[in-house]
């Protein structure tokens, strides 16, 4: 599971292009979610330095969780993408469900902790490990009812 760190291939990923492809794939797999994912991007050319498969896996996990816990209406999932300081980009995946109860929050990223009958309890644990492997972070923000993935921005070399 975690030996993925060994063969990590971080490359510049344009988040608008990534999101459009990701959203298409997500709604193909979750037809009920068509029209229920909104994305707001602050800036039109945000590029992160990340392993594309890892980004895919983390976003899949966050959006799946968000959809499952949302009201599953047209405001179910909101994704906010913006710069965070000069060096990073923040991707927040929020849903309009009830939020994570306080007693569960401390356990969110623990391996094998789950509130789902079919859950492995590895989703958020793996998501955070993959964020860390890509020099990023993953946090839960109760006030936003969402998870924030922070990744390094592609640094354009100044001559």
Listed by first then second residue, the pairs whose first member lies in the stretch 110-138 and is at positive phi, whose partner is surrounded by fewer than 20 Cβ atoms within 10 Å (Cβ to Cβ) and modelled with pLDDT under 85, with beta carbons under 7 Å and at least 6 positions apart or on separate chains, are 112/121; 121/113; 121/114
Could you list all residues from the stretch 70-110 that are closer than 17 Å to residue 125 by Cβ and either outside any helix (DSSP H, G or I) or in contact with a strand residue (DSSP E or B) (Cβ under 9 Å, 6 or more places away or on another chain) (or both)? 93, 100, 105, 106, 107, 108, 109, 110
In the stretch 1-37, how many are at pLDDT 95 or above, surrounded by 14 or more Cβ atoms within 10 Å (Cβ to Cβ) and outside any helix (DSSP H, G or I)? 5
If we scan the stretch 70-87, do we find a residue that is without any contact (Cβ under 8 Å) to a residue 40 or more places away in the chain, surrounded by fewer than 12 Cβ atoms within 10 Å (Cβ to Cβ) and in contact with a helix residue (DSSP H, G or I) (Cβ under 8 Å, 6 or more places away or on another chain)? no
Number of the condition not met by residue 93 [criteria: (1) modelled with pLDDT under 95; (2) surrounded by 15 or more Cβ atoms within 10 Å (Cβ to Cβ); (3) under 24 Å from residue 30 (Cβ atoms)]: (1)
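The values are calculated or read from the model by the stated rules, or taken from the named source; none is laboratory data. The structure displayed is predicted, hence computed values, not measured ones. Cβ: placed from backbone, ideal geometry, glycine included. Neighbour counts: every protein chain shown.
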